[in-house]
Amino acid sequence: MATNVLASVFASGGPNCHFENSDNPCGFPAPGAEIFQFDSVLTFQIGSIDFNITKVTFVVILSVILVVGFFLYAFRRPRLVPKGAQNVGEVGYLFIRDGVAREIIGKDGDKFVPFLFSFFFLIWTMNFMGILPFAQIPATSVFAIPVAFALIVYLTWVPLGIYSQGGWQFFKGMMFPPGVPWPMYFLLTPIELISNLIVRPFTHAVRLFANMFAGHLLIATFSVAAYYLLSATVIGIIGSVASLGVAIALTGFEILIQALQAYIFTLLAAVYISGALHAEH
Amino acid sequence: MFTLIASGEEAAPSVLAVPVDELVVGLLAFIIVFGALGWIALPKIRKALAARTDAIEGGIKRAEEAQAEAQRSRDEYQQALAAAREEAASIRTQAQADRAAIVEEARSEARAAAAAVTASAEAQMAAERSQATAQLQREIGEVAITLSSKIVGQSLSDDARVRTTVDDFLASLESLAAQREAGH
């Protein structure tokens, strides 16, 4: 298992693995899934679970510290007239409260602001770790992390729906969408049931994971290409500089995707909660 | 399902694998963030925002009250101003009417005074005239008597004497008139 992108390059061809290097000919060492695998620095066991502390664990811990630290600091003594960090924090709070909770869930939305707020800023920070120098791995590009988040959302909205609509009413609304001629239910009911209860949490997790995974892989690929093509030839310089330019452009694009995917995940969580609270399909 | 991408030559672990330890790390991460933010940070800012809303709405209410107050006093002022203007106008009209009346009164008084003066002058003139007429008549009578006696006392045939007598008479008349003129 490689610990970083350059290590993966060395592993496949050595440090001199370069385009047009006749001494050490090697193909382009395209980074693959292995760049998301990290060596564990510490292994221990709690109960029957083996814990492998890797770079991803540290990135997760760093994200938690950043999010909790920033908002505890920003909202430590809120002033009537905000300034500095409180101002920034308030923009985030009002964005989630007005833009997501009240917008999607309605007047019951205020209760879910902390839930949605925590998801948005934790995921955004974890995504941002993909471009933070030295961290350079989005924690959300490790599938287990989005799965954990999607699981929490799933375990929130399903009991919430049963609690607020009643069990039968909740599953009836899910299985028999209104406004459909009854024979259609033979076809629709299994589809709806599978789509809502099984596919929905899966896509919720995969959407976030795949976006961050693909983005990170793209940046890694062009970064490796910039290294691989770098040689004292015209084609080498042009290729290397172009690859580096693409890697930088993709990094800028990733900043957008990071915020967008955190927002989409949070928005979908709000949509699921809203569907659980209100009976209409 | 979790082995879709894991088609590498070596035993590369699938990217869709979900190791329990990483899952637990993810769950813990969210629980810590949710706990710290949901129980400590966000209630504070919620309270602060509510306080701010109150402050702003209170401020707006106070401003509205002040504005209403200002509006009311402005209305009162304008009413007072209008009343004052009206009063001034009525006073002015009254004054004009008064002035006209005073002028008219003065004029009529003057006219009456003039008439009185004229009347008294006329009466005096009339009295003087009648007095003069009476005196003249009396004097003419006396003169006539004197003249007659003179004429009778002297020879009437002497034309020169008659003529002289008449001349004397006329002269006496003239002197009489001069006397009256002087005596007046």
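The values are calculated or read from the model by the stated rules, or taken from the named source; none is laboratory data. Because the structure is a prediction, the values reported are computed rather than measured. When we count neighbours, we look across all protein chains shown, and the Cβ atoms used for this are built from the backbone with ideal geometry, even at glycine.
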Name the residue, out of B:32, B:56, that is modelled with pLDDT of 90 or more and of a type in the set (A, V, I, L, M, F, W, C). B:32
Here are some residues: A:28, A:71, A:19. Which one is more than 22 Å from residue A:220 (Cα to Cα), touching a residue at least 40 places away in the same chain (Cβ under 8 Å) and aromatic (Phe, Trp, Tyr)? A:71
Residues being exposed (fewer than 12 other Cβ atoms within 10 Å of the Cβ) and outside any helix (DSSP H, G or I): count how many of those fall in the range A:163-184. 3
Looking at (1) modelled with pLDDT under 90; (2) within 7 Å of chain A (Cβ to nearest Cβ), find the lone condition where residue B:6 falls short. (2)
Residues of the range A:128-151 being under 14 Å from residue A:206 (Cα atoms) and part of a helix (DSSP H, G or I), in sequence order, are A:139, A:140, A:141, A:144, A:145, A:146, A:147, A:148, A:149, A:150, A:151
Any hit, the range B:37-60, residues being within 30 Å of residue A:35 (Cα to Cα), within 14 Å of chain A (Cβ to nearest Cβ), over 41 Å from the mean Cα position of the chain (by Cα) and among the hydroxyl-bearing types (Ser, Thr, Tyr): no
Being outside any helix (DSSP H, G or I) and within 8 Å of chain B (Cβ to nearest Cβ) is the requirement here; does residue A:114 meet it? no
Screening A:93, A:154 for residues that are closer than 20 Å to residue A:198 by Cβ and among the hydroxyl-bearing types (Ser, Thr, Tyr) leaves only A:154
Filter pass, residue A:245 being small (Gly, Ala, Ser) and modelled with pLDDT of 95 or more: yes
Please work out if residue A:203 is β-branched (Val, Ile, Thr) and surrounded by fewer than 18 Cβ atoms within 10 Å (Cβ to Cβ). yes
With the first residue restricted to the range B:131-156 and required to be modelled with pLDDT under 75, and the second required to be of a type in the set (S, T, N, Q), Cβ contacts under 7 Å at 6 or more apart or on different chains are B:151/B:165
Could you tell me how many of the residues in the range A:47-78 are within 30 Å of residue B:58 (Cβ to Cβ) and facing chain B (nearest Cβ under 7 Å)? 4
Being without any contact (Cβ under 8 Å) to a residue 40 or more places away in the chain, more than 23 Å from residue A:32 (Cβ to Cβ) and assigned to a helix (DSSP H, G or I) narrows it down to one residue among A:187, A:160; which is it? A:187
Every listed condition ((1) part of a helix (DSSP H, G or I); (2) without any contact (Cβ under 8 Å) to a residue 24 or more places away in the chain) holds for residue A:154 save (2)
Would the range A:57-64 turn up any residue that is closer than 30 Å to residue A:221 by Cα and assigned to a strand (DSSP E or B)? no
